[in-house]
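Following: one structure in structure tokens, then a few remarks.
The values are calculated or read from the model by the stated rules, or taken from the named source; none is laboratory data. Predicted, not measured: the structure shown is a model, and the values here were computed from it. FYI the Cβ positions are ideal-geometry reconstructions off the backbone, even for glycines, and counts take in every protein chain you see.
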Amino acid sequence: MSGDQLPFYLPTADECVLFEQAWRRRLPLLLKGPTGCGKTRFVAHMAARLGRPLYTVSCHDDLTAADLTGRYLLKGGETVWTDGPLTRAVRDGGICYLDEVVEARKDVTVVLHPLTDDRRILPLERTGEVIEAPPEFMLVVSYNPGYQNILKSLKPSTRQRFIALEFDFPPMDAEIRIVAAESGLPEERVKPLVLLAERLRRMKGQDIEEGVSTRLLVYCASLLSAGIPLTAALRAAIIEPLSDEPDVKHGLMEAVTAILG
Ligand SMILES: Nc1ncnc2c1ncn2[C@@H]1O[C@H](COP(=O)(O)OP(=O)(O)O)[C@@H](O)[C@H]1O
Ligand SMILES: [Mg+2]
């Protein structure tokens, strides 16, 4: 397959091999890691590489099992069953990616369980249909353990059904290449931003909940690449997204100025 059509993803360890083997062996996969570190891009890349259609669902606290499996909808006076994204992925032998799965309602795990053991089935309660997942179907879920919400962590009975991969921000050299490739800003101008991110990530937990993500670095570099002055770009892409507290923002700006010199 030509590399040109694949969403760009720079591997940082053996994650691509693991993903491919999990897919071949029909094992569901759990990705853990902070926001903006490359999980979604990784799944998009792997789905394209394996030539499977991707169905991505961003989970939220109102998301129910029916949102995933489907429901009867009124169409021209008739009620017609309409597949949800999970059902479509199972029928098509695609990859279903449930982003931030812990956010979803509890009843979602009920539909995931029979799909994530050796039965590999999706029972549709409302229609009575039981769909057997074809070998090409794969379930991938992600969550961010950093939020430290005890009420919203995965139950052992759910998490122990998945192969799990831990993601983190890429090592410095890789992050420089990624941010340069994504933003078009030359690597020598990206380097100080990545150094800055490394330092700010070490401050995580003190005033800021989460470290500067790779995504924010891409945003910042894109603004710089478009000609936005450094201070404005840092404020808009790093400082403001990290905090709402005037004191914290002031402290961050001081740290940034000190680090960048
Ligand atoms: N290894 C990587 N290769 C290519 N791009 C990456 C990589 N890691 C992060 N990125 C960049 O960071 C952005 C955010 O990553 P994303 O996959 O959306 O994060 P997550 O899903 O973990 O929140 C991507 O849009 C991409 O520009
Ligand atoms: Mg994501």
Single residue of 104, 47 found to be touching a Cys at 6+ places or on another chain (Cβ under 7 Å) and under 19 Å from residue 162 (Cβ atoms) | 104
For the range 79-120, name all the residues that are in contact (Cβ under 8 Å) with a residue 12 or more places away in the chain and loosely packed, with under 15 Cβ neighbours inside 10 Å.
-> 81, 82, 91, 93, 107, 110, 113, 117
Looking for whichever is out of contact with any Ser or Thr (no Cβ under 9 Å at 6 or more places or on another chain), of a type in the set (Asp, Glu) and closer than 16 Å to residue 38 by Cβ here; the options are 244, 168, 173. Which one fits?
-> 173
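Regarding residue 52, is this residue touching a residue at least 12 places away in the same chain (Cβ under 8 Å), within 23 Å of residue 167 (Cα to Cα) and away from ligand 1 (no atom under 16 Å from the Cβ)?
On the way: touching a residue at least 12 places away in the same chain (Cβ under 8 Å): yes; within 23 Å of residue 167 (Cα to Cα): yes; away from ligand 1 (no atom under 16 Å from the Cβ): yes.
Considered against the rule, which asks whether it is touching a residue at least 12 places away in the same chain (Cβ under 8 Å), within 23 Å of residue 167 (Cα to Cα) and away from ligand 1 (no atom under 16 Å from the Cβ), residue 52 comes out as yes.
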Which residues, taken from the range 11-52, are within 12 Å of the chain's Cα centre (by Cα), aliphatic (A, V, I, L, M) and assigned to a helix (DSSP H, G or I)?
-> 43, 44
Inside the range 201-261, counting only helices (runs of 4 or more DSSP H) that do not spill past its ends, which hold 3 or more residues that are within 18 Å of residue 169 (Cβ to Cβ)?
-> 214-225, 246-260
Whichever residue in the range 1-35 is among the small types (Gly, Ala, Ser) and modelled with pLDDT under 95 and, among such residues, is farthest from residue 135 (Cα to Cα) = 33
